[in-house]
Amino acid sequence: MLRVISGLKRTSERSERGRTAHWRMRAWSPTLLRCAAVCIVMLCFAARSVQAAPTAELSVDGRAYAGMPFGIRMTVDGFDESPAPKFPALNIPGAKVTENGIEPSVSRSIQIFNGQRQDSVVVRWVLSWRVVADKEGTLSIPPITVEQGSKRATAKGGGLQVATVPSTDDMKFEVTLPNRPIWVGESVPVELTWLLRRDVSEQNFVVPLLTMPDDFVVSPPPATDPRKALPFSTGRSEIRLPFVQDETEVAGSKYSRLRFTFLLAPRRAGKIAVPASSVMAEMAFGRPDVFGNAPTRMFRAVDIARVLEVKELPLTNRPPSFAGAVGTSFSMAVTTSRSVVQTGEPLELVVTIKSDQRLDALALGKLDGPGGLPADVFTVPSEAPPGELSDDGKTKTFRLSVQVLGVTSQLPALAFGYFDPAKAEYQTIHSEPIALSVKGGAVVSANDVVGGKPTAPTAAGTGKTPTAAPVSLVGADLSLSTASRTATQVSPTVLWVVIALLYLLPIGNLLIRRQRRASAGARQEASEVRQARSAVERDLSRAKGTPARDVAGTLVTGLRGLAKLCDREAEARDLITRIENESFSPAAAQEPLSSDVVGRVQDAVAQWRAGSKRSSRSDAAVLVLLVGTSLLHANLASAQATTEADQELLSGRSDYQAAMAQGDATARQQAFARAATHLATASHGSNSPDVLADWGNAALGAGDVANATLAYRRALAIDSNNARAKQNLSWLRSRQPEALRQHTAGAAETLFFFHGWPKLRKLLIGAAAFALAILLITPWGGVRRRSWWAVALIPAMVWAGMTLSVLLARSPTDDAVLLDSVVLRAADNPGAPAAIAEPLPRGIEVAIDSERDGWARIRTANGTQGWVPAGTVERVLLPSKP
């Protein structure tokens, strides 16, 4: 009975513990779930924040056939969105590889979980190559490594099987070239003939003539109907050639014939080998099924390789007006915007060239040379005007403005030279002369000729230039700076020395003051030693003539105190005993201390004095001497360096003033040009924005808008608040095309006015504020005035603002100015296609992205990128001096 009750009791206890554990689990379950959820979220965020290593993978676009181009793509994950990775080289034995390009693929997503936003960016770079295998077999593709800064990824290589495409009589392909030698620059027609007896699809043309930009210039006709045009590869890009379709019979078989034509102009002379052209396409073969669909297979048609003989244009009898035009028939017509003009006014000319062939590459020769406009009557812009091509491409129109400098009765006939390949000799045609009525008037600058702005006429019959500025120059400040603003210049070296001293002197003073305060006790002790020593020396002087008993007491007291201060008490006991013994002798009331005792005391005091003497060097005097020497050296170096620049500055100012007083347009422009040359030289030896602004004004007066823009930009790089440079640069920008125009700064530059200060001014003000802050917290007295720490915050904030303004200021390292009108090309070679239709005008502001092999990759204000010769752009920032 007891065992049964005990068993029931244990069972009841176990049930109670089970219920307790159950309720505890129910109570803790929500907390555990919350903790688990938080841990999962944190792990997810941590996993997303961990950046995986970059990976790369190769893939092939389509099937690989011998002689047929196919693509290899490299997909890279894990790189940043910018900059673009460096394009790696790919060399495949037995195949020709051409870079196609590199493109980023960026996807952005936003996730919001538990009230928190998580932004994610996935960047994928795709690099592609165009590959043509020489023959069937296996191509060995090596591993490819691509780099982006410190990141790199490697794609594994492998073998690629290349198949052979069979030929068929149901398809033929032929390239028709001129059956004669051609000349450099001659545009000749090329015809591609494609014969078909069956329907085809997925065609792919391989025409080497289209992929030889170093040898030929290709001019395709416009494709008016997209349905009657097919794509052809040019290596890095693609063109669409229109075709004409008809029926023909070859060897008793009927074919559907497609004919493509384009113009080809050779770039160099010699025998140029042209590989065989081919076409590959999917063609039906076998029996069709019940639905009429037959299986397809890839077939190929190949032409034969050819050699094109190109002759160099002869140098003998080449006319001065020849600019590379080659053809059998040209005509020329010239019209003017008006027939009555005044001296100094611009006159717009329209030159129209017609031919029996397309004129895509035609350029207009110089109009101010022999056979052109006389230089003493007309001024012609230095840039060749871009032409406007007609719809059929056989008419090209050039528009330009010339400046009338003198009185004349006509616009003379203009010459146009070309080479006739049929006659193998040069020909010259002329336009008709145009009657003009020219009267005396105001003189305008060459820049007004470019802009085509009319000027205000002079008073009738006077022939003098009016004092008011020409209408086209309204808004430009052509004043010359005062001599004091350009001649009195503080050397940058002196300013750097002053800035360094404003940092070093207050810090040195603070350290010295802190050291003096820390050593105040030691200095107080040294003062007591000096006083005790002086008292002993006075008593010794009295002891030589005063009875020993009268002087012994004070001497012993002073000697004991000095010995205690100098820690020489053991040495002083013997001396004190001798003095006391002599002071108690019977003769001490009448006789002084013995000379032996006095001498011993003097020697001991002198020895203690030498031991306690400290070396005290005048650091302040040495520092002042160093400061004076540095400033003197900086001034002497500055004076020696600016002697030649001052001479050039004086010559430039003299020529500028002479140009302003000149009434003749030609002499005025020449005087401005001379002044610009001198002032440009002077600006390299001066850090003055006023000298740079003077150079810009002289260049503007000479019609050199490019160097004027460059000078104003350099002046504003030193002092962005220079009024003349800012106003004239804005004036020049207003006359540039809207798409290529740089815009002025926004409201932030106006709010933070000191951002526009010169760098040295901000550094100098910051250094002065730093010095003031340090001086305010320096412990000048015995007790530091803590209230001055709050006052020191004001100059400290000024120092911080100036320093951040210098550090965060945008440095125009890559900013540049285009000095010549050039064609913006898509690649770094003269044969590359133009990135935009019209040449870039000189004087526009661009940014240089990179440079290589004499070419510069630039970016215009609207973001257009391309390549120009490196010599046609000049950086805004001056090169650093050694």
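Tally time: how many residues in the stretch 498-513 are within 14 Å of Leu764 (Cα to Cα) and open to solvent by less than 30 Å² (accessible area, probe 1.4 Å)?
1
For (1) open to solvent by 30 Å² or more (accessible area, probe 1.4 Å); (2) under 30 Å from Val279 (Cβ atoms); (3) at pLDDT below 60, each residue gets a yes or a no:
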position: Thr31; (1), (2), (3): yes, no, yes
position: Arg34; (1), (2), (3): yes, no, yes
position: Ala37; (1), (2), (3): yes, no, yes
position: Val50; (1), (2), (3): yes, no, yes
position: Ala56; (1), (2), (3): no, no, no
position: Val60; (1), (2), (3): yes, yes, no
position: Ala64; (1), (2), (3): no, yes, no
position: Met68; (1), (2), (3): no, yes, no
position: Phe79; (1), (2), (3): no, no, no
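Where the second residue is of a type in the set (Lys, Arg) and surrounded by 12 or more Cβ atoms within 10 Å (Cβ to Cβ) and the first is closer than 24 Å to Val184 by Cα and lies in the stretch 423-436, which pairs have Cβ atoms under 9 Å and are six or more apart or on separate chains?
What qualifies is Ala424/Lys311; Tyr426/Arg318.
For (1) among the β-branched types (Val, Ile, Thr); (2) crowded, with 20+ Cβ neighbours inside 10 Å; (3) over 49 Å from the mean Cα position of the chain (by Cα), each residue gets a yes or a no:
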| residue | (1), (2), (3) |
| --- | --- |
| Asp134 | no, no, no |
| Ile141 | yes, yes, no |
| Glu147 | no, no, no |
| Ser150 | no, no, no |
| Ala155 | no, yes, no |
| Gly158 | no, no, no |
| Asp169 | no, no, yes |
| Val184 | yes, no, no |
| Glu202 | no, no, no |
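Output the residues belonging to the stretch 404-420 that are more than 14 Å from Gly371 (Cα to Cα), open to solvent by less than 50 Å² (accessible area, probe 1.4 Å) and not in a strand (DSSP E or B).
So the first thing to find is which residues in the stretch 404-420 are more than 14 Å from Gly371 (Cα to Cα), and the list is 404-410, 419-420.
Applying the additional criterion that residues be open to solvent by less than 50 Å² (accessible area, probe 1.4 Å) yields 404-406, 408, 419-420.
Within the stretch 404-420, Leu405, Gly406, Thr408 meet the criteria.
Output the number of the condition that Glu282 fails; it satisfies all remaining conditions of (1) free of Cβ contacts under 8 Å to residues at least 40 places away in the same chain; (2) in contact with a Ser or Thr (Cβ under 6 Å, 6 or more places away or on another chain).
For Glu282, the failing item is (1).
Here are some residues: Val244, Val218. Which one is among the β-branched types (Val, Ile, Thr), in contact (Cβ under 8 Å) with a residue 12 or more places away in the chain, within 18 Å of Gln357 (Cα to Cα) and in a strand (DSSP E or B)?
It is Val218.
Does Leu210 satisfy the criteria of being at pLDDT 85 or above, open to solvent by less than 20 Å² (accessible area, probe 1.4 Å) and under 48 Å from the mean Cα position of the chain (by Cα)? I'd like the intermediate steps shown before the answer.
On the way: at pLDDT 85 or above: yes; open to solvent by less than 20 Å² (accessible area, probe 1.4 Å): yes; under 48 Å from the mean Cα position of the chain (by Cα): yes.
Taking the combined requirement at face value, the residue satisfies it.
Restricting to the stretch 368-382, and then to whatever is within 20 Å of Ser437 (Cα to Cα) and in a loop (DSSP other than H, G, I, E, B), can you tell me which residue is most open to solvent (accessible area, probe 1.4 Å)?
Step by step, filter the stretch 368-382, then rank; the result is Asp376.
Which residues, counting only those in the stretch 588-606, are touching a residue at least 24 places away in the same chain (Cβ under 8 Å), over 15 Å from Leu555 (Cβ atoms) and open to solvent by less than 80 Å² (accessible area, probe 1.4 Å)?
The one that is touching a residue at least 24 places away in the same chain (Cβ under 8 Å), over 15 Å from Leu555 (Cβ atoms) and open to solvent by less than 80 Å² (accessible area, probe 1.4 Å): Ala589.
Every residue in the stretch 565-586 that is open to solvent by less than 40 Å² (accessible area, probe 1.4 Å) and assigned to a helix (DSSP H, G or I), please.
Ala572, Leu575, Ile576, Ile579, Ser583, listed by residue number.
For Phe262, work out the one condition from (1) open to solvent by 30 Å² or more (accessible area, probe 1.4 Å); (2) over 18 Å from Val302 (Cα atoms); (3) touching a strand residue (DSSP E or B) at 6+ places or on another chain (Cβ under 8 Å) it doesn't fulfil.
With (1) open to solvent by 30 Å² or more (accessible area, probe 1.4 Å); (2) over 18 Å from Val302 (Cα atoms); (3) touching a strand residue (DSSP E or B) at 6+ places or on another chain (Cβ under 8 Å) applied to Phe262, the lone miss is (1).
Return only the number of the condition from (1) surrounded by 16 or more Cβ atoms within 10 Å (Cβ to Cβ); (2) in contact (Cβ under 8 Å) with a residue 60 or more places away in the chain; (3) within 15 Å of Leu192 (Cβ to Cβ) that Leu313 does not satisfy.
Only one criterion is unmet by Leu313, namely (3).
Do the conditions hold for Leu732, that is, is it open to solvent by 40 Å² or more (accessible area, probe 1.4 Å), out of contact with any Phe, Trp or Tyr (no Cβ under 7 Å at 6 or more places or on another chain), at pLDDT 80 or above and of a type outside the set (D, E, K, R)?
Numbers: open to solvent by 40 Å² or more (accessible area, probe 1.4 Å): no; out of contact with any Phe, Trp or Tyr (no Cβ under 7 Å at 6 or more places or on another chain): yes; at pLDDT 80 or above: yes; of a type outside the set (D, E, K, R): yes.
So Leu732 fails the test.
Within the stretch 95-206, considering only strands (runs of 3 or more DSSP E) that don't extend past its boundaries, which have at least 2 residues that are free of Cβ contacts under 8 Å to residues at least 24 places away in the same chain?
Those strands (runs of 3 or more DSSP E) span 95-113, 116-133.
A quick yes/no check of all residues on (1) touching a strand residue (DSSP E or B) at 6+ places or on another chain (Cβ under 9 Å); (2) among the acidic types (Asp, Glu); (3) open to solvent by 50 Å² or more (accessible area, probe 1.4 Å); (4) not in a strand (DSSP E or B):
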{"position": "Met332", "(1), (2), (3), (4)": "yes, no, no, no"}
{"position": "Thr352", "(1), (2), (3), (4)": "yes, no, no, no"}
{"position": "Ala384", "(1), (2), (3), (4)": "yes, no, yes, yes"}
{"position": "Glu388", "(1), (2), (3), (4)": "yes, yes, yes, no"}
{"position": "Asp392", "(1), (2), (3), (4)": "no, yes, yes, yes"}
{"position": "Val402", "(1), (2), (3), (4)": "yes, no, no, no"}
{"position": "Glu432", "(1), (2), (3), (4)": "yes, yes, yes, yes"}
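Within the group Lys396, Lys423, which residue is among the basic types (Lys, Arg), within 30 Å of Met332 (Cα to Cα), at pLDDT 80 or above and surrounded by 16 or more Cβ atoms within 10 Å (Cβ to Cβ)?
Every option except Lys396 fails the conditions.
Please find, among Arg542, Arg533, the residue that is surrounded by 19 or more Cβ atoms within 10 Å (Cβ to Cβ), modelled with pLDDT of 75 or more and either outside any helix (DSSP H, G or I) or more than 60 Å from the chain's Cα centre (by Cα) (or both).
None of the other options fit; the residue is Arg533.
Just checking, how many residues over the stretch 123-132 are open to solvent by 20 Å² or more (accessible area, probe 1.4 Å) and under 30 Å from the mean Cα position of the chain (by Cα)?
Of the residues in the stretch 123-132, the ones open to solvent by 20 Å² or more (accessible area, probe 1.4 Å) are 124, 126, 128, 130, 132.
Narrowing the set further to residues that are under 30 Å from the mean Cα position of the chain (by Cα) leaves 124, 126, 128.
Residues in the stretch 123-132 being open to solvent by 20 Å² or more (accessible area, probe 1.4 Å) and under 30 Å from the mean Cα position of the chain (by Cα): 3 in total.
Can you find even one residue in the stretch 226-235 that is under 36 Å from the mean Cα position of the chain (by Cα), farther than 17 Å from Leu177 by Cβ, in contact (Cβ under 8 Å) with a residue 60 or more places away in the chain and open to solvent by 50 Å² or more (accessible area, probe 1.4 Å)?
Of the stretch 226-235, the ones under 36 Å from the mean Cα position of the chain (by Cα) are 233-235.
The next check asks that each one be farther than 17 Å from Leu177 by Cβ; those that pass are 233-235.
Next, from what is left, pick out any that are in contact (Cβ under 8 Å) with a residue 60 or more places away in the chain: 233, 235.
So of that shortlist, the ones also open to solvent by 50 Å² or more (accessible area, probe 1.4 Å) come out as none.
Looking for residues that are under 36 Å from the mean Cα position of the chain (by Cα), farther than 17 Å from Leu177 by Cβ, in contact (Cβ under 8 Å) with a residue 60 or more places away in the chain and open to solvent by 50 Å² or more (accessible area, probe 1.4 Å), one finds none in the stretch 226-235, hence no.
The values are calculated or read from the model by the stated rules, or taken from the named source; none is laboratory data. Just so it is clear, the model here is predicted, and its values are computed rather than measured. All Cβ positions, even for glycine, are placed from backbone atoms using ideal geometry, and neighbour counts span all protein chains on display. Accessible surface is based on the protein model in full, side chains and every heavy atom, while ligands, DNA and RNA are left aside. Shrake-Rupley method; radii C 1.70, N 1.55, O 1.52, S 1.80 Å.
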